[in-house]
Amino acid sequence: MKRTHPSPTRRSLLKAAALAAGLGIGVVGVAQAQDKAPIQFATLMDFTRVYTFLTSEYSQGQQDYIKLVNMEGGVDGRPIKLIIKDHASYPERGIAQYNEARSDGAVFFDFLSTPVANALMPRANEDHLPMIAFAHGRADAADGQKFPYVFPAAAIYRSQAALLLQFIDEHEGGLKGKKIAFVHIDSPFGKEPIELLNKVSALKGFELKLFPYPVPGTEQAATWTEVRRYRPDKVIIWGAGPGQAVSIRGAVGNGIAPKDIHSVIWLSESDMQSFTGDTVVGLKRFTAVNTGTSPAILKRIVDKVITPGQGSGDKAKVGTTYYNIGVASMAIAVEAARLATKKLGAPLTGEKLKQGFEMLKDFTAEGLMPPLTITDKDHQGGGWGRVSEWDGKQWAPKSDWSHAFQDVVWQLIREDEAKAKK
Amino acid sequence: MFYRLSGVYHTRYSATRQLWPIPADRWQIGAVAVLALAAPLYMSDLYLSSYLLPWLIFSAATLALTLLMGLAGQLHFGFGAVMAIGAYTSIHLARAGVPFELALLAAGLMAALIGCLFGAAALRVKGLYLVMATLAMQFLVDWVIVNVNAISGGAVATLQTPQVSYLFVPVASLTARYYLALLWAAIVTLLVLNIKRTSFGRALVAVRDKDFAAAVIGVNIFKYKLLAFFTSSFLGGVTGSILAFCFYQAVTPSQFNFDVTIQLVAMALVGGLGSVIGGFLGAGFVLLAPIVLLNLIARMTDAGWLNVSTTLMAHIPLMLYGAMIIGFLLFEPLGLAKIYDNARKYFLVWPFRHTQS
């Protein structure tokens, strides 16, 4: 049989190649949900730009804990797979990675970056995929009615400030008549507690003065001379990363005793190592998760993951503040996944996982954190925490787990929502 | 051979002066246009929403910037702020119930107005000093947005875009958002291409090459410098608004901060200053190369070819990306557009060796 082949010209070949290349971009494999296939959690974070002070230890904690969970049989026999990527805090990169992880079948997200988390919260809500914003992100995420798929799952910033104030009130001679300086980074994150501080100041009768310092916080000298002139009784510092050590240096250099300095959650062992001797002993910090390796869950991680050499990072970092926060964030998600598969059956979906989160009741991750109870209304889980003091080597708890001024916190959330509706 | 120059005779001035006088170029443009128009049909949502859509919008922003930096020679290090002004203007107007078409226009005008205010500095200073003046604009605008709650939206500082429609089509589905971005990118592309061959464009080039020489031959440099800032800021403002409504669907200050400005300048430089295709190539490179490299490295570690810690894994794409920028600029200092141009000129006379220009 004779077949006629029109001889392809080079030009038409090129065209065909170009077309094929164009089409090739569009072909994507669709992940099939199968029984006993791994459950995918996407932890898309900033390893390289803004949140570097926190991310590597946090992610190390998450990875080590997931290794432990998988060794112990996973969730309902299914292992958990972490999708770890770096979005460098660029929202557009975060959105791309979120879309990709979503199409790969991830059911849970952690972005650990305020800009990226804010950009993705509405999307996660639309797509019915739960995300955690552990102790960060926008305040109204605590409202489970407004953001059903977003879980701060720990004290939001306003609750942290409230707890610090209550600690001063109860353990440091009361708030009445005191002069309190609030030294903060001049960004939405730094300004978030101001409304709460104002409200509590009217309630408790203390004087509040605000001292903003410019982003990124590496230069605060002018701010601290102002603070010195004000002669405050207590100082609350509100920053993150390298700015925190600069704040402490500024405070101590301007004659403020370390025992009068109180910090937001973002102050780690590594930040404190830049101070020698006992210059900063006595400094207080909000604590959402116990530090050290004494909680049972950490002991098992050390025994089964770290000691056999399976750890995913530097051994010295195990048990540090951010490491343990990473463990806690994953412990919450894994427990929610367990509850969801137990009550609602496999395979795990975003909707089921969301309900799993809302089934959490008095969950302490084996003594790692305060009892966490999440409901369909309260995604913050009560706003629990404690105040710890730097003793020169580690953060020692100075108060029991408690929460403070939650009525004010929620009043502010409602006011924000009313404003946003206008 | 590929371009088939033989047999192409232009018998009218309009034919030689059209945008693409060579048929092969028109074929390529047509093919790209068809591919872009049909993208929602053959592309998955993932690639459409997270690669093509931002690429188009950032290309439009780069073109707006390259009009000012490449064509008029006025360095601008506050273009993120220009886009922020556009985005915030349009979102507040849209929330107040103003039709989206008008809000877009107002976004452009507001950005152009404020852009011109700072552009007025260009009448006095040049080069690095102008960089400082526009840098001041970036930080001033950032500061105002963060500190005026009425603009930023209060403690939360995230404004959700309201439901809007453009020419009776609701800008909600991915397809609608993609086509709006595509429309805008096409408008900006054609505008910049055409500006380059008008008296306005030639005046800008004269101002760029030597402004007092331009004044001597009768170009009003006061007028043209301000016009350059006005046009570019207008386009930047509308692009900022398109970015907010079509891509982010929310506005926060960090979407338009100094890092974004640097990214835009990098897009214009890596692509090739003043070039339209360079705008697209540069935006694509700066925006997509890190993502593609990251995915590549992530696949390699997943497959077990590369055993490194997570932190190092996150940094390897950055190293490769930096090396690629250095490599490209060493290979061709005039940017990606020049590489394209060299290739095109080579094929223009292929199989012969000598290019025409």
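Below, the figures for the structure above:
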read-out	value
In Å, descending, principal axis extents of the Cα set of the protein assembly as shown	93, 78, 51
Eligible lysines near A:Lys304 by straight Cα distance, threshold 28 Å, same-chain separation 8 or greater	A:Lys36, A:Lys67, A:Lys81, A:Lys85, A:Lys315, A:Lys317, A:Lys342, A:Lys361, A:Lys393
Relative contact order, percent, region A:157-287 [alpha-carbon distance under 8 Å, six or more residues apart]	25
B:His10-A:Arg229 pseudo-label distance in nm [points 7 Å out on the Cα-to-Cβ vector]	6.9
FRET efficiency for B:Leu113 and A:Arg49, using Cβ-Cβ distance with R0 set to 35 Å, rounded to 0.05	0.60
At least 24 Å along the helix axis (C-alpha) and Kyte average at least -1.0, DSSP helices within chain A	A:10-26, A:52-71, A:321-344
Reach of B:Lys126 by Cα under 17 Å, taken over aspartates and glutamates that are not fewer than 8 positions away in the same chain	B:Asp209, B:Asp211
Fraction of beta bridges assigned by DSSP in chain A that are antiparallel (%, nearest 5)	25
Two-decimal ratio, chain A, of alpha-carbon radius of gyration to 2.2 N^0.38 Å	1.11
Test item: A:45-52 mean partner chain Cβ contacts at 10 Å	3
Region B:96-108 - phi-based ³J(HN,Hα) in whole Hz, Karplus 6.51/-1.76/1.60, Gly and Pro as x	7, x, 6, x, 4, 4, 5, 4, 4, 4, 5, 4, x
Cα-projected label distance for B:Ile217 with B:Gln18, points at 7 Å along beta-carbon direction, nm	2.9
Order by protection proxy (mean Cβ within 10 Å, highest first), peptides A:386-399, A:283-296, B:71-84	B:71-84, A:283-296, A:386-399
FRET efficiency, 1/(1 + (r/R0)^6) with R0 41 Å, evaluated for A:Glu172 and A:Lys342 via beta carbons	0.35
Within a Gaussian network of chain A (alpha carbon springs, distance under 10 Å), most fluctuating of A:Glu226, A:Glu335, A:Glu269	A:Glu226
Whether region B:88-215 is rounded, prolate or oblate, judged on the alpha carbon gyration tensor where a/c under 1.5 counts as rounded	oblate
Mean Cβ count within 10 Å, highest first, over the residues of peptides B:197-209, B:179-191	B:179-191, B:197-209
Relative contact order %, region B:172-327, counting alpha carbon pairs below 8 Å whose residues are six or more apart	14
Residue-averaged beta-carbon neighbours from other chains (10 angstrom radius) around B:248-259	5
Amide hydrogen neighbours beyond the local backbone of A:Gln40, cut-off 5 Å, H modeled	A:Lys81, A:Val107
Per-pair calculated FRET efficiency, R0 = 41 Å: A:His128 and B:Met319 via Cβ, rounded to 0.05	0.60
Point-charge dipole on Cβ atoms (K/R +1, D/E -1) for chain B, about Cα centre, debye to 20	1160
Environment charge of A:Gln406, counting only residues whose C-beta is closer than 14 Å and scoring Lys/Arg +1, Asp/Glu -1	+1
Spin-label model distance (nm) - B:Leu140 vs B:Leu190, 7 Å beyond Cα toward Cβ	3.6
Anchor A:Lys146: lysines whose Cα lies under 17 Å away (excluding residues fewer than 8 positions away in-chain)	A:Lys354, A:Lys377, A:Lys419, A:Lys421, A:Lys422
Three-way shape call for region A:214-311 based on the alpha-carbon gyration tensor, with the a/c threshold at 1.5	prolate
Computed magnitude of the charge dipole of region A:229-304 (debye, nearest 20; Cβ of K, R +1, Cβ of D, E -1)	140
Tensor-based shape of region A:157-287 (alpha-carbon gyration tensor, a/c under 1.5 rounded, otherwise prolate or oblate)	rounded
Count, lysine Cα pairs under 16 Å in region A:157-287, 8 or more residues apart or across chains	22
Potential extension, B:Ile326-B:Ala343 segment - 0.36 nm per residue separation minus Cα distance	4.1 nm
Rg followed by Dmax, in Å, when chain B is reduced to its Cα trace	21.5, 67
Taking the C-alpha atoms of region B:197-323, convex hull volume expressed per residue in Å³	152
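Any read-out appearing in this document is the output of simple, stated calculations on the displayed coordinates, not a laboratory observation. Bear in mind the structure is a predicted one, so any value in this text is a computation, not a measurement. Note that each Cβ is placed from the backbone with ideal geometry, even for glycine, and that neighbours are counted across all protein chains shown.
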